[in-house]
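Chemist: Input: one structure, supplied below.
None of the figures in this text is laboratory data; all of them are computed from the coordinates on show. Just so you know, these numbers come straight off a predicted model, no measurement behind them. Here the Cβ positions follow ideal geometry from the backbone for every residue, glycine too, while neighbour counts run over all protein chains shown.
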Amino acid sequence: MPTATTEIPSPTDPATTTAPDVVDSIERAEFVRREHLGTAGPISTLPDEGTITRWRADHPRWRGRHWTYIGDSDGVVLRLRPVNVARAARRRTA
C-alpha cells in the first residue's frame, strides 16, 4: 500500500516562496563582512544577466544593487538571492 509524502517547501527557495516580492535587508557592516568573505557583492560581479532580469521582475522592492547567499531553513544550502543594503545613517557634525 503506497503512502504519499508531503514535501515541505523551503521558505528561501525562489521556486516555492509565496511572496516573491519580499527582499531581505542587511546592515551595511554585515554586507561588508559578507563581501569580504565572498558571499555577497554588487550585481556587477554577477555574470548571469538573466538572473538579474528575473530578480527585477520578481522583486519590485529590490533596489537592484546587491546580492548575497542566504541559507535555507536548515542552514545546509546557500541560495543566491537579491538583497537590499541599509543606507548609512547621516551624522550631523557639531
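Chemist: In the range 24-85, what percentage of the DSSP-assigned beta bridges are antiparallel, given to the nearest 5?
Modeler: Taking every DSSP beta bridge within the range 24-85, about 75 percent pair in antiparallel fashion.
Chemist: Ok, one more. Could you compute the FRET efficiency for Ser25 and Leu78, with r as their C-beta to C-beta distance and R0 at 22 Å, rounded to 0.05?
Modeler: With a Förster radius of 22 Å, E is 0.75.
Chemist: Something else now. Arg33 versus Asp48, label points 7 Å from Cα toward the beta carbon: distance in nm?
Modeler: It works out to 2.7 nm between the two label points.
Chemist: Related question: Per residue of the range 47-52, in order, report the coupling 6.51 cos²θ - 1.76 cosθ + 1.60 (Karplus, θ = phi - 60°) as ³J(HN,Hα) in whole Hz, putting x for Gly and Pro.
Modeler: x, 8, 5, x, 5, 4
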